[in-house]
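For reference, the structure is listed below as structure tokens.
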Amino acid sequence: MKEDVYILGIESSCDETAASVVKNGRTVLSNVISSQIDLHTLYGGVVPEIASRKHIEEINQVIESALTEAQMKLEEMTAIAVTYGPGLVGALLVGVAEAKAIAYGAKKPLIGVHHIEGHVSANFIEHPDLEPPFVCLIVSGGHTHLVIVKNYGEFEILGRTRDDAAGEAFDKVARAVGLGYPGGPKVDKTAREGNPHAIEFPRGKVEGSPYDFSFSGLKSCVLNYINHAKMTGEEICVPDLVASFQNSVVDSLVSRGVAAALEYGYDKLAIAGGVASNTALRAGMKEACRKAGITFYYPSPIYCTDNAAMIGVAGYYEYQKGNISGWDLNAVPNLKLGQR
């Protein structure tokens, strides 16, 4: 009988300080998240320096809480996994320094985890039947990728955004219509009261790259619509506006995801990242996959936004492959998917 593997995961890439204990890559024993949303809402977005300071204040307590909730001790962990990129460099450094210190002190292996790999791995928590290979759409504030998950931690990139990520576009449009920060959840909620076909916004396409994304043109169209309405004295129906904007984004994401799965011959499609909790995206992808005969997977909202459980899961599979990091592990804010 194989010995159980317990991974302590640590995540601090942006504005959530998180720690989790994961057993054998699939069972989450604890998942503690200290969010800074209320703090950054005062400034209309994440302030990197403030985020870093808050991580320093919270990280020890968050790790202690994760171990307590799991009813385990640091000595019982098999390895320590930590996000080392991409993300805000100061925020990443806090998590990496903490992970190195406790791994060294407890004489445990250290595993650097790619943040996007973590998001993909969130799907493994609640779907024990899901195993590679499959197609995955990763949609967050900083990233929009369409990939084939060839194996655990191994990806073939089919497409990515050429400009704004989908989550960035949500935040900018939310700010423009006065919904505030964080934009994604507020647009999602407001859009439910609007008509998604009230305004026909364009779907960005990249010539010669059918699976790449572009959202800056759509964002500009929305801003131009708002400015034109202000100049002509027209009243803007915010629910209709954001519902129409969201419909364009969702259509771009769903159509590419399903088309890629069909073209490359995969019958499994997953979504991941903060925007994967968007209700319109989930509903649209679920219906499109049903029509195409594709099995659709998605994490619960708590595992879509930044959390340490997903880092613990990804860390488990890196540990199984023998990918142990050295003590020179450093934060890499612009780490590309597939890099180590």
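The values are calculated or read from the model by the stated rules, or taken from the named source; none is laboratory data. A quick note: this is a predicted structure, and the numbers were derived from the prediction, not measured. Note that each Cβ is placed from the backbone with ideal geometry, even for glycine, and that neighbours are counted across all protein chains shown.
Flag: Val258 matches the condition of being more than 22 Å from Cys14 (Cβ to Cβ) and not in a loop (DSSP other than H, G, I, E, B). Among the residues of the range 6-25, the one identified as surrounded by fewer than 19 Cβ atoms within 10 Å (Cβ to Cβ) and either more than 27 Å from Gln71 (Cα to Cα) or out of contact with any Phe, Trp or Tyr (no Cβ under 6 Å at 6 or more places or on another chain) (or both) is Asn24. In the range 180-196, the qualifying residues are those that are in a helix (DSSP H, G or I) and more than 20 Å from the chain's Cα centre (by Cα), and the one that is nearest to Asn247 (Cα to Cα) is Ala191.
Screening the candidates Asp251, Asp328, Asp306 for the property of being assigned to a helix (DSSP H, G or I) and not small (Gly, Ala, Ser) yields one hit, Asp251. A Cβ distance below 6 Å, combined with a sequence gap of six or more or placement on separate chains, defines the contacts here; from the range 220-244, residues that are free of Cβ contacts under 8 Å to residues at least 60 places away in the same chain reach residues that are of a type in the set (Val, Ile, Thr) in the pairs Val222/Val173; Ala229/Ile236; Pro239/Thr190; Ser244/Ile199. Looking across Gly312, Gly284, one residue alone is surrounded by 24 or more Cβ atoms within 10 Å (Cβ to Cβ) and assigned to a helix (DSSP H, G or I). It is Gly312. For the range 63-93, enumerate the residues that are surrounded by fewer than 24 Cβ atoms within 10 Å (Cβ to Cβ), in a helix (DSSP H, G or I) and under 20 Å from the mean Cα position of the chain (by Cα). The answer is Val89, Gly90, Leu93. Can you confirm whether the range 47-62 contains a residue that is surrounded by 15 or more Cβ atoms within 10 Å (Cβ to Cβ), farther than 19 Å from Thr305 by Cβ and of a type in the set (A, V, I, L, M, F, W, C)? Yes, that holds for at least one residue. Go through the residues of the range 223-244 one by one and say whether even a single one is under 23 Å from Ser140 (Cα atoms), among the hydroxyl-bearing types (Ser, Thr, Tyr) and either in the same structural domain as His143 (by TED's automatic domain parsing) or modelled with pLDDT of 95 or more (or both). Checked the range 223-244: at least one residue is under 23 Å from Ser140 (Cα atoms), among the hydroxyl-bearing types (Ser, Thr, Tyr) and either in the same structural domain as His143 (by TED's automatic domain parsing) or modelled with pLDDT of 95 or more (or both).
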